[in-house]
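Shown next, in structure tokens, is the structure this report addresses.
The values are calculated or read from the model by the stated rules, or taken from the named source; none is laboratory data. Bear in mind the structure is a predicted one, so any value in this text is a computation, not a measurement. Because the Cβ atoms are built from the backbone with ideal geometry, glycine has one as well, and the counts that use them run over all protein chains shown. Accessible surface areas use protein heavy atoms only, side chains included; no ligands, DNA or RNA. Shrake-Rupley method; radii C 1.70, N 1.55, O 1.52, S 1.80 Å.
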Amino acid sequence: MVVHDDCELKFLELKAKRTYHFIVFKIEEKHKQVIVEKLGEPTDRYEAFTSSLPADECRYAVYDFDFVTDENCQKSRIIFIAWSPDTSKVRSKMVYASSKDRFKRELNGIQVELQATDPTEMGLDVIRSRAT
């Protein structure tokens, strides 16, 4: 599986410049490569991110999660989400699962990883508990 150069470039912009709030990546099976499917604006809320993940297709996603600690410090964590809904095709799940580690290595700076098969497994409460 090839990772399109744009994936790493957009990730670096999210990480260093905070140009995006989230990025959704898709495996384009015809060309056997991972591409950027959607970029979330810095003002987009978490609901915009979750609604950009299809209900019946796998995706990779990166979310820039901002939060305040118990000590009242502003923090940020870059969350990698492997989205693999139960309703997606078995072949698609296999392709995404087998390509995940290779793709993650291209994105240097991921701090937390989540595997989600339905929206409750990647709710804000779950992300907050994993990020702190």
Residues of segment 70-132: accessible area per residue with a 1.4 Å probe, Å²: 61 Å²
Of THR69, THR50, THR19, the one that fluctuates the most in a GNM where the chain has Cα springs shorter than 10 Å: THR69
Segment 86-117 to segment 6-21: how many Å between their Cα centroids? 19 Å
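Out of all DSSP beta bridges in the chain, what portion is antiparallel? Express it as a percent rounded to 5. The partial results should precede the final answer.
Numbers: 21 of 28 bridges.
So the antiparallel bridges in the chain amount to around 75 percent.
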Determine the calculated [θ] at 222 nm for the chain from helices alone, applying -39500 (n - 2.57) to every DSSP H run no shorter than 4 residues and normalising by the residue count; nearest 500 deg cm²/dmol. -8500 deg cm²/dmol
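Would you please name the GluC sites (Glu not before Pro) within segment 23-132 that are DSSP coil residues with at most 12 other C-beta atoms within 10 Å of their C-beta?
Values: sites: GLU28, GLU29, GLU37, GLU47, GLU57, GLU71, GLU106, GLU113, GLU121; in loops: GLU29, GLU57, GLU71.
Loop-located and lightly packed - GLU29, GLU71.
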Considering amide H positions built from the backbone, and no H for Pro or chain starts, which residues 5 or more places from VAL3, or on another chain, come under 5 Å of its amide H? VAL34
Assuming R0 = 22 Å, can you tell me the calculated FRET efficiency for the pair ARG18 and ALA55, based on Cβ-Cβ distance, to the nearest 0.05? 0.15
Roughly to the nearest percent, how much of the accessible area of the chain is carbon and sulfur, given a 1.4 Å probe? 48 percent
Name the lysines eligible as straight-distance cross-link partners of LYS26: C-alpha to C-alpha under 18 Å, and not fewer than 8 places from it in the same chain. LYS10, LYS38, LYS89, LYS93, LYS100, LYS104
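Quick check for me: using +1 on Lys/Arg Cβ and -1 on Asp/Glu Cβ, what's the dipole size of segment 1-128 about its Cα centre, in debye to the nearest 20?
420 debye
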For segment 91-106, take each phi angle, set θ = phi - 60°, evaluate the Karplus expression 6.51 cos²θ - 1.76 cosθ + 1.60, and give the result in whole Hz per residue in order, putting x for glycine and proline. 4, 4, 4, 5, 5, 5, 5, 6, 9, 4, 5, 4, 5, 4, 4, 6
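Working with all protein chains in place, sort ASP125, ASP6 by solvent-accessible area computed with a 1.4 Å probe, largest first.
Details: ASP125 110, ASP6 55 Å².
From most accessible down to least: ASP125, ASP6.
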Given (i) 12, 44, 34, 10, 0; (ii) 8, 13, 24, 25, 14, 9, 5, 2, 0; (iii) 12, 46, 34, 7, 1, the label whose value is P(r) over Cα pairs in 10 Å bins from 0, in percent derived from this model: (iii)
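Computed FRET efficiency, Cβ-Cβ of LYS30 and ARG102, R0 25 Å: what is it to the nearest 0.05? It would help to have the intermediate numbers written out before the result.
Numbers: r = 19 Å, r/R0 = 0.74.
Working from the Cβ atoms, E equals 0.85.
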